[in-house]
Every structure is written in C-alpha cells, then in structure tokens.
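> I'd like to ask you about the structure that follows.
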Amino acid sequence: MVVRALRDEGVKHIYGYPGGALLHVYDALFQQDDVQHVLVRHEQAATHMADAYARATGKAGVALVTSGPGATNAVTGIATAFTDSIPMVVITGQVMSHLIGEDAFQETDMLGISRPVVKHNFSVRNPEEIPSIIKKAFYIAETGRPGPVVVDIPKDMTTPTDRYPYEYPKSVKLRSYNPISRGHSGQIRKAVDMMLQARRPVIYSGGGVIMGDASAELTELAKMLNFPVTNTLMGLGGYPGTDRQFVGMLGMHGSYEANMAMHHADLILAIGARFDDRVTNAVDKFCPTARIVHIDIDPASISKTVRADVPIVGPSKVVLEEMIEQIKDSKKQPDAAALETWWKQIEEWRSRHGGRYETADSELMKPQQVIEMLSKVTGGDAFVCSDVGQHQMFAAQYYKFNKPNRWINSGGLGTMGFGLPAAMGVKMNFPDADVACVTGEGSIQMNIQELSTCKQYDLPVKVLCLNNQSLGMVRQWQDMNYESRHSQSYMKSLPDFVKLVEAYGHVGMKVDKYADLEGAMREAFSLKDRLVFMDIAVDPFEHVYPMQVPRGAMRDMWLSKTERT
Amino acid sequence: MRHIISVLLENEPGALSRVVGLFSQRNYNIESLTVAPTEDSTLSRLTVTTTGDDRVVEQITKQLNKLIDVVKVVDLSEGEHIERELMMIKLKANGQMRAEIKRTCDIFRGQIIDVTPNTYTVQLVGASDKLDAFIASLGNMASIMEVVRSGVSGIARGEKVLSL
C-alpha cells in the first residue's frame, strides 16, 4: 500500500536505506518498476537528496529510512529542510505496534524526536489509513509554507499477507489546515501607494520567491518600478544576478551596496523573506528610516523580529500579480527624479567596493577566482549545490545566478555534508544539466561515502573542493574574535583526495595554480559521463568580506582585513 | 502581562505534545494548562495561561495556529471573559481551629468535601487570585498539607464563542 500510494502520487524516485522495520516495504519495491529506489550509503544523504530534488523542482522529495538509527540519522536532513521551508515526505519504519514503548530493538520515538523539526508528522495506526495519510503528507508538505512531513509506519502495518481495500484519495481537506490562497487587496493597495511615493526603495526577497515560483513576477515588478533588488542567501536566482538592478546578496556577508542601500532606504519591500539574524544584524539598529511592507505566506514570519508597517499574508506569486495589476491601473507613477538620485548613490556604493578582493599579496589561488571561473565555464547556468562554510559564501557572492532553483544550499541550518548528496539529488532528476558541488575539505568529508552511491547510479556531478586545509569560516572568526587562536580548526591529516576518488571509480584532479584552473575546469565539465573531483588548493588565509560588524547596523561592515566602514 | 489563550484542538494522540513542545521549543512560558474533550469528542479544548509582552503573545497565537492539529486559537484576555480554577486543599484542622477554618471557608464560598478528626479537605472554585487570597487568609491559622489546582479554564462573556 505504501509503494502503491507513492506511485499514485506520481513519485519517480525515492532515496533510502533498508532495515528490519521496512523489509515488507522493500519487498514491495522489488516487485515493481514505477518507483525507482536509490540506495544511499547513509540516511542523512537520502534526506538531502530528496530535499535537493524539492529545491530544484518545487515538488516534495521522498526519503525512506528504517526505524531507530535509520530514523535518527535522517533527523539532520529533516531539520535542514524544515529550516529552509522545503517540502519533503520522510517515511520512517517503526517496530511492530505491540512492541512500541517496550524499548524494542531499533525502536526510537520518531514522532517525538522529529516533532520540533517537521511541519507535521503522522503515525499509522491502521493499515487502511496508509493511502489517506500519504496523500495528506504530500498535501501538507507542498502547500502553504512548505516543510518536511514524517510518516512513521510500524512494521505490522505493512504485512503483505494482510489485505485491505485501497483507494488513493484525489484530494484532501483538513478542517484545521487551510493555507491562504491570496493577499488582502486593501493591504496590497496600501503597499502600492507607499511604493509609488518611495524615494529610496529596496526590494528584499528571499526563498519564498523561489519556492513560491514568483521570480518572473518579482522581475516584472522591479523592472516596472526601477527599484533595486537584493536577495537573501535563500533567495539568490529569484532575480537575475547579472541585471543592473540587482545589488547582490544582503546581510552578514552581503554586498556593500546592498547593505548600504538597506540601511538608508525609506521603503523596504520584503517578499518571502524572514528578517533573520544573519540578515538584520542588530535588530534595534536595523534600517532606521525605512517603512516596511512584508509579504509572506506564513503570518508567524511577519513582525516576528522586525515590525512590518504593512503586513500582507499570501503566496508571493499571487500577491505580486495583484500588485502589478494595481500599479498598471494606478494613475500615479514612481518618483523618477528621486529614483535617479537614489540610483546615483547606489552606483557610487557599488563602485566603492563592488565585490573586489586582493590577489596581489599572495601567489596562492583565491577561492573567489575559482567561483568566478565556475560562473564563466558554466555560463551562469549550472545547478550549484553548496556545502557550508567560506566556500558557500564565496559561491553565493561570486556565482551569478540568472535563474531560480539553481542555487541549492543549506541556508538556515547550515548543514555541513549537504553539498554532495544535494548535487546527486539534482543530477538524478536533471541528467543533462551541469551540476556542480562547491565544497571544502571539511564539509566533503561529512558525507564523502556517497561517492559510492554516485558510482552505483552513474551520477556524473562535478565536485569543486576548495581546499584551504582548515575549517575556513571557523578560522576566520577565530582570527577576528579570538586573536587568531585556531582552536581545532585545522585538518592535519587530509586524505589524498585524487587517490580516494579514484578508489571509488571516479576521476580526480589536483589543481594548485590559477594558470591551470580554466583548462582543468573545462576538461572536468567536458567529461559528461564521469564524476570529476577537483581538489583545488586555495589561499588558506583568505577571509570572506564584506562582513558585518557584530551588533552593528546594516551599514557597519568590515570590507577587508584592514578596512571598516 | 498575563494572557489566557484558548485553543480548539483535534482530539488526536500526540496533539497535546505538539502544543507543549511548541512552548518549550520557542522559549515561551506556561503558567497553567488544562485540557479535556468537548461535547464533540473529536475536539479538545485547551486553556493555557502565559506571560509575555504583546510581541511574544502575538507570536504564541500565530505559532499555535500553524500547528496542523490546532483548529482555532483565541486570546481571551483581549476581551471580556470569565476565568475559573478549581482548588482542593487539605488542611490540618483540630481543636478550636476547626471552627475558624470553617468560617473562612464559608466567606470564600468554599465547601468542605472530606473530613477526618484531624483534617479538612476544602474545595474552592474561582479566579486564580481568589484561590491565592484564600491560601493567604489561612495565614498561621491552619497548616496546609496538600494543594491541588486544576489550572485556569476560561470562556468569553456574551455571545462570542470559540467553536467550529
């Protein structure tokens, strides 16, 4: 019934790892061809693969893991998806119902363990409920503010000899769950009035534009009004990265011009973003002169950390469509003269920093150069799946994302080990696309066993390991805040990555000179049917800049090791 | 400020743990909590008293509303409402104190619901501060052996209702 329900839901791939509590389900998988199962090497990777599929397509990914350790290994992946509002259905095996609560072999209370990191979870108490619970799980995961849903199934609920009537429901209705379908027109009108009067506006958009499939509407709105656009880490690709009106990412490692524009703005239009601490810096100093319009599908995100002057609850796509209509119908025009002055100011900020970095003081390759090369070699059109750390910030700053759903990273939870399985999940579903995993020698080792899965399923992703021989982001903070006491941030016994990936049956490359980088990278991407792991030596002393000064305002930033605003 | 939040909840296993978990997870405070099924056996009514500034209480109600098992939420303290709590209190009562305790009990419209030669068990219903006042009024007169309080239940005044 589980496999049949997944098939009827239209699921093509599921990612998982078998175990005692799931043997009935795995036997059913064996006897059909509609749902393909991908065997990972660790359950965390299964959840990341499902998660990345969802990030790239907007549809819920599915992971299947057994009870006990299988389920607990999946928790990090579930939390990763939860923090970034990613739709996912995770089916966990459970011990037989009569054993629940008796500390049986491989028993854990998965409902209890997962509760704080799921949108909802279900326990199956009667086999007849399986189709309707699975339907509800997908419905809840994909609608409203998306999120992961866990379905815990005791082994005796899937006994193949027990037969029950099966009917997969076409739709579901829950009296206690009614996701909102449109914004309040009066509020939208108020917002439009403010937008048309704004003299120093900024559009600040986040992951809600990506998952809400609203990037075309966002682009149309911004073009219509000539407003500058900044994206959060989760929102990159929501607005074309090479467009003049794009001022870069904002926040802790945001661009100088984006953070300056936010600080001096008189109107902030926040769309599908949640004013989190990595964006706002000190909340009490945040954007002192701005009025705030906040569009979000989740009312709890509005006025949580920063009070909104005009809250609009609704799906970003529908709200933006209505906004565009109202502006078209309005007799008023944006204040062109004020905007011209504003743009002059922004261009001045842009020319002051503009994402520069030092290359002269060292012969070592800079990590920024590697990302810029990736952007050049792939034409800004690859899926870039990142791990967590300095390389993630460099990728966010220097890869120019022109399309949504192409930048796949663990933004909210910051899960090291996310990158490789994420790249695999994308490649599995987009076999013809260029898929790059940008990682570091720290992160990659958190899920390096998945190179084996890549071999089994022929997943020729390109791994760019920015090897600085240390946990770079930790070391940067230690340099800046702990007088360079590098406590446990060194990796003193790194493997020979080239030999290691060769042992897994893939292609390894070592690059330590900038002069060799372009050739090597082009070669890597030309090997269409091989996984290529590029071990790229980069400057171990490099820091990510700009970096906001702790407890400061948006405009308080370090611009280099020696220069502060 | 103290708030009384009333919640209509699916009467499902695990639903209560989601509510309680939300409070601890988000660092909200619970002063008292009561829960029981309503006349519709598929629904439970839950009342929680909490303290926090307006921003925190707004977040509490929003976050509660997000839980899939939660059908409706209302902050009763926003309008006219009635709150009641039940207390059973076991007191050491002997000698001439027995009469004195009985008198105090009558003043508070409490009932003595169990008697032994040395104890009284008093039942008292009212708003929480009335129960507090009763305990204070006993002063040194009687020594308290045990206190059981139900936690607050609340309902809006007038025609307003919290229902499906």
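> Of everything in the range A:168-188 that's among the aliphatic types (A, V, I, L, M) and within 13 Å of another protein chain (Cβ to nearest Cβ), which residue is nearest to the chain's Cα centre (by Cα)?
Taking the candidates together, the pick is A:Ile180.
> Turning to a different aspect of this structure: Kindly list, by first and then second residue, each pair from a residue in the range B:1-26 that is over 23 Å from B:Glu78 (Cβ atoms) and away from chain A (no Cβ under 11 Å) to a residue that is outside any loop (DSSP other than H, G, I, E, B) and of a type in the set (S, T, N, Q), limited to pairs with Cβ atoms under 9 Å and residues at least 6 apart or on different chains.
Going by the 9 Å Cβ cut-off, the qualifying pairs are B:Asn11/B:Ser44; B:Leu16/B:Ser44.
> Quickly run through the range B:15-47 and pick out the residues that are in a strand (DSSP E or B), of a type in the set (A, V, I, L, M, F, W, C) and within 24 Å of A:Ser123 (Cα to Cα).
Within the range B:15-47, the subset in a strand (DSSP E or B) is B:32-37, B:43-47.
Those left that are additionally of a type in the set (A, V, I, L, M, F, W, C): B:33, B:35-36, B:43, B:46.
Once the filter is applied, which keeps residues that are in a strand (DSSP E or B), of a type in the set (A, V, I, L, M, F, W, C) and within 24 Å of A:Ser123 (Cα to Cα), the range B:15-47 yields B:Val35, B:Ala36, B:Leu43, B:Leu46.
> For the range A:281-302, state whether one or more residues are at positive phi and in a loop (DSSP other than H, G, I, E, B). First the steps, then the outcome.
Filtering the range A:281-302 for residues at positive phi gives A:281, A:287.
Pick out the ones that are also in a loop (DSSP other than H, G, I, E, B) and you get A:281, A:287.
Yes.
> Of the numbered conditions (1) part of a helix (DSSP H, G or I); (2) touching a residue at least 60 places away in the same chain (Cβ under 8 Å); (3) touching an Asp or Glu at 6+ places or on another chain (Cβ under 8 Å), A:Arg41 fails exactly one; give the number of that condition.
Only one criterion in (1) part of a helix (DSSP H, G or I); (2) touching a residue at least 60 places away in the same chain (Cβ under 8 Å); (3) touching an Asp or Glu at 6+ places or on another chain (Cβ under 8 Å) is unmet by A:Arg41, namely (1).
> Please work out which residue is surrounded by the most Cβ atoms within 10 Å (Cβ to Cβ), limiting yourself to the range A:398-426 and to residues that are assigned to a loop (DSSP other than H, G, I, E, B) and in contact with a Cys (Cβ under 9 Å, 6 or more places away or on another chain). Explain how you work it out, then say what you get.
Going through the range A:398-426, the residues assigned to a loop (DSSP other than H, G, I, E, B) turn out to be A:399-406, A:409-418.
Filter again for in contact with a Cys (Cβ under 9 Å, 6 or more places away or on another chain), leaving A:409, A:418.
Numbers: A:Asn409: 27, A:Phe418: 32.
Checked the range A:398-426; the qualifying residue surrounded by the most Cβ atoms within 10 Å (Cβ to Cβ) is A:Phe418.
> While we're looking at this one, here's another question. When the residues of the range A:107-156 are narrowed to those that are within 10 Å of chain B (Cβ to nearest Cβ) and part of a helix (DSSP H, G or I), which ends up farthest from A:Leu64 (Cα to Cα)?
Here the residue is A:Pro116.
> Now a separate question. Condition test on B:Ser77, is it in contact with a His (Cβ under 7 Å, 6 or more places away or on another chain) and either more than 14 Å from chain A (Cβ to nearest Cβ) or in a strand (DSSP E or B) (or both)?
Values: in contact with a His (Cβ under 7 Å, 6 or more places away or on another chain): yes; either more than 14 Å from chain A (Cβ to nearest Cβ) or in a strand (DSSP E or B) (or both): yes.
In short, yes.
> Okay, moving on. Can you tell me which residue among A:Ile86, A:Ile78, A:Ile100 is within 12 Å of chain B (Cβ to nearest Cβ), at pLDDT 95 or above and in contact with a Pro (Cβ under 9 Å, 6 or more places away or on another chain)? Show your work before the answer.
Numbers: A:Ile86 fails: within 12 Å of chain B (Cβ to nearest Cβ); A:Ile78 fails: within 12 Å of chain B (Cβ to nearest Cβ).
Testing whether each residue is within 12 Å of chain B (Cβ to nearest Cβ), at pLDDT 95 or above and in contact with a Pro (Cβ under 9 Å, 6 or more places away or on another chain) leaves just A:Ile100.
> If the requirement is being within 14 Å of another protein chain (Cβ to nearest Cβ) and either in contact with a Lys or Arg (Cβ under 9 Å, 6 or more places away or on another chain) or surrounded by fewer than 23 Cβ atoms within 10 Å (Cβ to Cβ) (or both), which of these qualifies: A:Thr305, A:Thr280?
On the way: A:Thr280 fails: within 14 Å of another protein chain (Cβ to nearest Cβ).
Criteria check complete, one pass: A:Thr305.
> Out of curiosity, is A:Asn73 of a type in the set (S, T, N, Q), on the phi < 0 side of the Ramachandran plot and within 12 Å of chain B (Cβ to nearest Cβ)? Steps first, answer last, please.
Working: of a type in the set (S, T, N, Q): yes; on the phi < 0 side of the Ramachandran plot: yes; within 12 Å of chain B (Cβ to nearest Cβ): no.
When the stated conditions are applied, A:Asn73 does not pass them.
> Do any helices (runs of 4 or more DSSP H) lying entirely in the range A:437-527 carry at least 3 residues that are in contact (Cβ under 8 Å) with a residue 60 or more places away in the chain, assigned by TED's automatic domain parsing to the domain that holds A:Asp381 and not hydroxyl-bearing (Ser, Thr, Tyr), and which ones are they? Spell out how you get there, then give the answer.
Numbers: elements: A:451-457, A:472-481, A:497-503, A:514-526.
Passing ranges, in order: A:451-457, A:472-481, A:514-526.
> May I ask you to say which residue of B:Asp54, B:Asp69 is closer than 28 Å to A:Asn178 by Cβ, in contact with a Ser or Thr (Cβ under 9 Å, 6 or more places away or on another chain), of a type outside the set (A, V, I, L, M) and within 14 Å of chain A (Cβ to nearest Cβ)?
Numbers: B:Asp54 fails: in contact with a Ser or Thr (Cβ under 9 Å, 6 or more places away or on another chain).
Testing whether each residue is closer than 28 Å to A:Asn178 by Cβ, in contact with a Ser or Thr (Cβ under 9 Å, 6 or more places away or on another chain), of a type outside the set (A, V, I, L, M) and within 14 Å of chain A (Cβ to nearest Cβ) leaves just B:Asp69.
> Say whether the condition of being under 20 Å from the mean Cα position of the chain (by Cα), surrounded by fewer than 15 Cβ atoms within 10 Å (Cβ to Cβ), away from chain A (no Cβ under 14 Å) and touching a residue at least 12 places away in the same chain (Cβ under 8 Å) is met by at least one residue in the range B:84-95. Spell out how you get there, then give the answer.
From the range B:84-95, those under 20 Å from the mean Cα position of the chain (by Cα) are B:84-90; that's our starting set.
Keeping just the survivors that are surrounded by fewer than 15 Cβ atoms within 10 Å (Cβ to Cβ) gives none.
No, the range B:84-95 contains no residue that is under 20 Å from the mean Cα position of the chain (by Cα), surrounded by fewer than 15 Cβ atoms within 10 Å (Cβ to Cβ), away from chain A (no Cβ under 14 Å) and touching a residue at least 12 places away in the same chain (Cβ under 8 Å).
> Could I ask something else about it? Determine the pairs where a residue that is part of a loop (DSSP other than H, G, I, E, B) and at pLDDT below 95, located within the range A:367-387, has a partner that is acidic (Asp, Glu) and surrounded by fewer than 24 Cβ atoms within 10 Å (Cβ to Cβ) with Cβ atoms under 8 Å apart, the partner being 6 or more residues away or on another chain.
A:Asp381/A:Asp434
> For the range A:137-155: of the residues being more than 10 Å from A:Lys119 (Cα to Cα) and touching an Asp or Glu at 6+ places or on another chain (Cβ under 8 Å), which is surrounded by the fewest Cβ atoms within 10 Å (Cβ to Cβ)?
Our first condition is that a residue be more than 10 Å from A:Lys119 (Cα to Cα); within the range A:137-155, this holds for A:138-139, A:142-144, A:151-155.
Going one step further and asking which of them are touching an Asp or Glu at 6+ places or on another chain (Cβ under 8 Å), we end up with A:138, A:144.
Details: A:Phe138: 23, A:Gly144: 21.
Looking at residues that are more than 10 Å from A:Lys119 (Cα to Cα) and touching an Asp or Glu at 6+ places or on another chain (Cβ under 8 Å), I get A:Gly144.
Condition check ((1) surrounded by fewer than 21 Cβ atoms within 10 Å (Cβ to Cβ); (2) away from chain B (no Cβ under 14 Å); (3) under 21 Å from A:Met446 (Cα atoms); (4) of a type in the set (Phe, Trp, Tyr)) across all residues:
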position: A:Glu9; (1), (2), (3), (4): yes, yes, no, no
position: A:Asp34; (1), (2), (3), (4): yes, yes, no, no
position: A:Val65; (1), (2), (3), (4): no, yes, yes, no
position: A:Gln94; (1), (2), (3), (4): no, no, no, no
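The values are calculated or read from the model by the stated rules, or taken from the named source; none is laboratory data. None of these values were measured; they are calculated from a predicted model. Quick reminder, even Gly has a Cβ in these numbers, built from the backbone with ideal geometry, and neighbours come from all protein chains shown.
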